[in-house]
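Here is the structure we will look at, set down as structure tokens.
The values are calculated or read from the model by the stated rules, or taken from the named source; none is laboratory data. Given the structure is predicted, the values throughout are model-derived calculations rather than measurements. Every residue, glycine among them, receives a Cβ derived from its backbone with ideal geometry; neighbour counts consider all protein chains shown.
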């Protein structure tokens, strides 16, 4: 929690302004986990897990872009792929 004030200050908002992004990230991750679990039941857990590993590798390669954003929309946009990847490959 020490870094949250630093992130909030960098984005020009307060701690309450950045907390909505963290809560939305967690809620979306939980929802995607349920959806991806069902996709694993339909298409096979190995195939869905492999897809998740590939997307996680791609999102990790671009992780530096997530912290270079200067707006809330840009921050959420850059978190989209890293949010999806752990939901598919927990």
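Taken over the range 39-62, the residue count meeting the criterion of being surrounded by fewer than 11 Cβ atoms within 10 Å (Cβ to Cβ) and modelled with pLDDT of 85 or more is 3. Only residues that are outside any loop (DSSP other than H, G, I, E, B), surrounded by 11 or more Cβ atoms within 10 Å (Cβ to Cβ) and more than 18 Å from the chain's Cα centre (by Cα) were counted across the range 12-23, and they come to 1.
For the range 24-31, check the following and say yes or no: at least one residue is surrounded by 12 or more Cβ atoms within 10 Å (Cβ to Cβ) and at pLDDT below 65.
Kept after step one, since they are surrounded by 12 or more Cβ atoms within 10 Å (Cβ to Cβ), are these residues of the range 24-31: 24-25, 28-29.
Filter again for at pLDDT below 65, leaving none.
No, there is no match, as no residue in the range 24-31 is surrounded by 12 or more Cβ atoms within 10 Å (Cβ to Cβ) and at pLDDT below 65.
Remark: residue 42 falls outside the filter, which requires a residue to be under 16 Å from the mean Cα position of the chain (by Cα) and in a helix (DSSP H, G or I).
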